[in-house]
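The values are calculated or read from the model by the stated rules, or taken from the named source; none is laboratory data. Keep in mind that this is a model prediction, so the values were computed, not measured. Ideal geometry is used to build each Cβ from the backbone, glycine not excepted, and the neighbour counts take in all protein chains shown. Heavy atoms of the whole protein, side chains included, go into the accessibility calculation; ligands, DNA and RNA do not. Shrake-Rupley method; radii C 1.70, N 1.55, O 1.52, S 1.80 Å.
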Amino acid sequence: MTTHCAFLAHPKSTMIIRQPAVAGSFYSSNPTQLQSDIEGFVVRDCDKQAVLGIISPHAGYIYSGRVAGNLYSRIKIPDTVVILAPNHTGYGLPCSIWPGGQWRTPMGDVKVAEEVVEELIHVCNLLEKDREAHLYEHAAEVQIPFIQYFNPRSEIVVIVISRRNIAELKNIGKKLSQVLQKLRPDALVVASSDMTHHESQASANRKDKIAIGEVLALNEDALFSKVQEMNITMCGIYPAVTMLVCSKERGAKKAELVRYETSGDITGDYDHVVGYAGILVS
């Protein structure tokens with residue numbers, strides 16, 4: 001595989017470091033400024049709960065940071081977090097799991113939970129170790145500083161999913177559940193997704209209300225079908241379906257919308273907005 005600048009293998013070891021791809025664009029590359037920005041988005045002194053899964057947005061922090069910050073503020077971040085991301089770049093394999101090492105952000109390095117990676121590869125033949133899909137993909141990366149802020153000890157597993165077959169998505173979700181129940185029963189599964197893209201505020205609100213309603217009903221089949229039928233441009237639909245299946249297998253009974261906004265709430269342009277939802281599943 002061709003070496004890219006977005007990851008670094010140490011010459012005297014097998015350690016792989018995935019370098020940040022969007023620091024300085026989606027969020028600040030300055031550690032002090034990044035810390036300050038996150039502190040501006042979080043809710044202090046709110047009740048926290050252990051949850052099984054979340055849907056969290058992945059736009060630039062100026063647009064979706066408040067939704068993500070409000071969401072993460074409500075959660076007890078465990079020591080293992082699995083991040084499921086869509087594939088915006090088109091690179092890599094259909095179900096690509098980052099193989100090991102660490103992910104770097106301006107706030108430091110986060111270890112990959114390699115034991116979980118190896119078990120997932122063993123039990124699920126749809127998942128393959130791959131770096132290509134991850135090198136320039138922002139959807140997982142932008143979640144990590146929030147995780148670091150609330151639990152610097154967390155280890156991560158990062159999977160980029162571009163499969164379109166719901167049966168295969170369900171298979172991945174069930175296998176992920178099996179592995180987590182065996183190895184990391186307290187783990188959090190993050191589905192990284194924005195909602196409707198580049199439509200009017202009224203259209204985005206209408207479509208997103210329907211998609212969010214199916215998430216809140218824990219109905220991955222209806223979510224998948226309505227996103228397709230109504231052309232709801234929810235970019236993380238595959239991660240969301242996988243997370244819902246995994247969470248239900250782990251005993252999830254309910255979901256809650258923590259915050260919903262659009263880019264128009266930040267820019268004042270309500271003609272072409274992107275929707276952002278923060279949802280927890282427990």
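Please find, within segment 36-64, the residue that is nearest to I144 (Cα to Cα) out of those that are polar (S, T, N, Q) and either open to solvent by less than 50 Å² (accessible area, probe 1.4 Å) or in contact with a helix residue (DSSP H, G or I) (Cβ under 7 Å, 6 or more places away or on another chain) (or both). Write out each step before concluding.
Let us first name the residues in segment 36-64 that are polar (S, T, N, Q), namely 36, 49, 56, 64.
Then keep just the ones that are either open to solvent by less than 50 Å² (accessible area, probe 1.4 Å) or in contact with a helix residue (DSSP H, G or I) (Cβ under 7 Å, 6 or more places away or on another chain) (or both); that gives 56, 64.
Details: S56: 11, S64: 14 Å.
In this case the residue turns out to be S56.
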Report task. Hey, could you check segment 70-129 for residues that are of a type in the set (K, R) and in contact with a Pro (Cβ under 7 Å, 6 or more places away or on another chain) and say which is most open to solvent (accessible area, probe 1.4 Å)? Result -> K129
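S36: modelled with pLDDT of 95 or more and in a loop (DSSP other than H, G, I, E, B), yes or no?
No, not satisfied.
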Requested in this report: Counting only residues that are within 13 Å of the chain's Cα centre (by Cα), give me the strands (runs of 3 or more DSSP E) lying completely in segment 43-136 with at least 2 of them.
Outcome: 53-56, 80-85
Query raised in the report: Counting residues that are in contact with a strand residue (DSSP E or B) (Cβ under 8 Å, 6 or more places away or on another chain) and open to solvent by 50 Å² or more (accessible area, probe 1.4 Å), which helices (runs of 4 or more DSSP H) fully inside segment 175-256 reach at least 1?
Result: 201-216
